[in-house]
Amino acid sequence: MPLQRAAVAIPPLAALLGGAQPDATAPAGLPAGADWASDQPSDTQFDTDVAALTSAAPAGCRSVKRAQTLYRSGDAFHSVYAVVSGCLKVVLFHSEGREQICGFPSAGDLLGLDGIHAGYHTSDVIALEDSQVRVIPFGALEARCRQTAAVQHHILRLMSAEIVREQHFFMLLGGMSAEERLAAFLVSNSAKLAARGYSPHEFHLRMTRQDIGNHLGMKLETVSRTFSKFQVRGLITVNQKHVTLRDLPALQALATL
């Protein structure tokens with residue numbers, strides 16, 4: 001029998017960074033939507049790694065208003081960013097101008113690692129609501145990595161987690177039906193919110209259905225039709241952007257088909 005890693009209770013990232021503890025019953029914005037499978041990197045461990053980085057290097061706060069950009073594709077890379085509150089979207093642009101939304105980072109997520117490779121960012125990050133991030137200068141972080149093996153280990157683990165999530169994102173786009181994609185998206189957010197102290201059964205969508213469709217590779221009409229199907233089957237209840245998961249086990253089963 002394979003060994004199982006013991007679960008460790010870690011406070012949400014906002015608390016680790018000096019912010020307020022979240023209300024465990026309050027609806028929250030959706031985080032990145034492609035890490036639904038049980039073999040994904042632990043969100044609790046992810047929060048621990050991010051918190052370790054913010055304590056390893058000086059980090060200032062930055063507010064990003066709704067519809068403002070944290071950084072754009074082509075901007076020089078200087079820092080990575082830990083999301084403390086709010087929700088954003090990560091957008092890649094094809095050569096012909098089409099955009100692909102790669103995720104919806106929220107509290108606890110790390111942004112900006114794409115800039116390490118070439119020294120500039122390769123995506124746009126736009127706030128879907130008023131958000132706050134911790135700015136971690138990469139030069140100072142790199143210096144700490146040379147001094148402390150543990151900090152370097154946290155960086156490598158975060159990069160590995162991003163690779164795994166990207167693999168699952170491509171699997172979502174390439175090998176799942178519309179119902180499976182939306183179920184996976186909802187289950188992913190449920191699991192992530194539960195790991196960070198929020199209700200796993202209800203949350204508020206910060207993105208539009210058009211954004212969800214872009215992210216999942218679905219047309220807007222298909223997204224709306226699939227939400228309606230789930231409601232008719234008693235899997236969810238939707239009130240504008242507020243979603244309640246009525247039958248989470250059924251959604252989980254659908255997401256893993």
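Taking Met207, is it hydrophobic (A, V, I, L, M, F, W, C), modelled with pLDDT of 95 or more and within 24 Å of Gly115 (Cβ to Cβ)? Answer is yes for this residue. Look at Val91 and say whether it is more than 16 Å from Glu162 (Cβ to Cβ), of a type in the set (A, V, I, L, M) and surrounded by fewer than 21 Cβ atoms within 10 Å (Cβ to Cβ). Considered against the rule, which asks whether it is more than 16 Å from Glu162 (Cβ to Cβ), of a type in the set (A, V, I, L, M) and surrounded by fewer than 21 Cβ atoms within 10 Å (Cβ to Cβ), Val91 comes out as yes. Just for region 193-210: of the residues that are buried (at least 21 other Cβ atoms within 10 Å of the Cβ) and of a type in the set (D, E, K, R), which one is farthest from Cys102 (Cα to Cα)? Checking each candidate, the answer is Arg196.
With respect to (1) in contact (Cβ under 8 Å) with a residue 60 or more places away in the chain; (2) within 21 Å of Glu99 (Cβ to Cβ); (3) assigned to a helix (DSSP H, G or I), the lone exception for Gly174 is condition (1).
Checked against (1) more than 28 Å from Arg209 (Cα to Cα); (2) small (Gly, Ala, Ser); (3) touching a strand residue (DSSP E or B) at 6+ places or on another chain (Cβ under 8 Å); (4) modelled with pLDDT of 55 or more, Ala57 meets all criteria but (4). What about Leu248, is it within 15 Å of Phe104 (Cα to Cα), out of contact with any strand residue (DSSP E or B) (no Cβ under 9 Å at 6 or more places or on another chain) and in contact (Cβ under 8 Å) with a residue 12 or more places away in the chain? When the stated conditions are applied, Leu248 does not pass them. Scanning region 216-238 for residues that are within 23 Å of the chain's Cα centre (by Cα), farther than 10 Å from Ala178 by Cα and either of a type in the set (Ser, Thr, Tyr) or at pLDDT below 95 (or both) yields a count of 2.
Taking the stated definitions as given, is Val187 under 25 Å from Ser85 (Cβ atoms) and not charged (D, E, K, R)?
Values: under 25 Å from Ser85 (Cβ atoms): yes; not charged (D, E, K, R): yes.
For Val187, the condition - under 25 Å from Ser85 (Cβ atoms) and not charged (D, E, K, R) - is met.
Pairs are defined by a Cβ separation below 6 Å, a sequence spacing of at least 6 or placement on different chains, a first member in region 220-231 that is without any contact (Cβ under 8 Å) to a residue 12 or more places away in the chain, and a second member that is of a type in the set (S, T, N, Q) and part of a helix (DSSP H, G or I); the pairs so defined are Leu220/Gln210.
The values are calculated or read from the model by the stated rules, or taken from the named source; none is laboratory data. The structure presented is a predicted model; accordingly, all values stated were derived computationally and were not measured. With ideal geometry, Cβ positions are generated from the backbone for all residues, glycine too; neighbour counts draw on all protein chains shown.
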